[in-house]
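Every number here is computed from the coordinates shown, using simple stated rules; none is lab data. None of the values given here were measured: they were computed from a predicted structure. No Cβ is skipped: glycine too gets one built from the backbone with ideal geometry, and neighbour counts run over all protein chains shown.
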Amino acid sequence: MRISQETSFDEAEIFELYDSVGWGPWTRDIARVCRSLVNSHLVITARNESGQLLGLARTVSDDEMVCYVQELLVNARFHGQGIGRRLLEHLMERYAHCRYFMLTTDHESTPEGLANHAFYRRLGLIEHHEQGLSAFGLKVADS
Ligand SMILES: CC(C)(COP(=O)(O)OP(=O)(O)OC[C@H]1O[C@@H](n2cnc3c(N)ncnc32)[C@H](O)[C@@H]1OP(=O)(O)O)[C@@H](O)C(=O)NCCC(=O)NCCS
């Protein structure tokens, strides 16, 4: 498996990846997703020897104070093979100098949240409230 930075994206390939994890709000407008990838601070992908796209992660960052991991996903057919760990560890190392390394995920009262919390905790991340912080935001459309 190879982790590398990418700057241009194929809509069909990106659709297949996002569709595999059931992210409807993203696959409804895949051209917008591709624009968001191009506009990101960093996009890294995981590909196998044949070049197949296995997973992707992207950040929004000022490369000094904050790194926000906006998306991290692995094709559902390849979950549980260490790909998510490789992607997130790559980002944690790349942005180790930033004061804030953060992300938003579903609440652990949901099935997706429960799985994601287990994954992020395994990778050493902690929730805001565990370090005296809170996160605020405007209401997310179609959440
Ligand atoms: C979350 C996600 C990225 C994890 O990727 P993955 O490649 O399946 O995870 P890995 O195989 O790298 O797992 C890494 C570690 O987390 C643990 N882990 C992963 N999912 C877990 C779960 N549901 N419950 C418990 N532990 C879990 C693994 O056991 C593994 O531990 P180890 O490395 O110490 O053996 C993947 O499940 C995914 O794409 N989900 C759908 C999209 C999504 O919800 N992304 C997060 C949005 S913020």
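Here is how the numbers come out for the structure above:
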quantity	calculated
Alpha-carbon Debye profile of the chain, log10 I(q)/I(0) at 0.20, 0.22 Å⁻¹	-1.52, -1.79
Per-residue Cβ neighbour rank within 10 angstrom, fewest leading, THR59, THR45	THR45, THR59
The chain: calculated mean residue ellipticity at 222 nm from DSSP helix runs of at least 4, using -39500 (n - 2.57)	-9500 deg cm²/dmol
For the range 54-65, Karplus couplings with θ = phi - 60° (6.51, -1.76, 1.60), whole Hz, Gly/Pro x	9, x, 7, 9, 9, 10, 10, 7, 9, 6, 9, 9
Extension gain, ARG32 back to ALA96 (0.36 nm per residue minus Cα-Cα distance, nm)	20.1 nm
Of the chymotrypsin sites (Phe, Trp or Tyr not before Pro) in the range 62-136, those whose Cβ has at most 10 other Cβ within 10 Å and which sit in DSSP loop	PHE136
Projected label distance in nm at THR104 and GLN81, using a 7 Å step from Cα toward the beta-carbon	3.1
With at most 11 other Cβ atoms within 10 Å, longest stretch of the chain clear of loop GluC sites (Glu not before Pro) (DSSP)	65-143
Length released on extending from SER134 to ASP19, taking residue separation times 0.36 nm less the Cα-Cα span	38.3 nm
Trypsin sites (Lys or Arg not before Pro), loop per DSSP, at most 11 other Cβ atoms within 10 Å - longest free stretch of the chain	29-98
Stretch gain in nm, segment ASN39-ASP63, where the contour uses 0.36 nm per residue and the Cα spacing is subtracted	7.2 nm
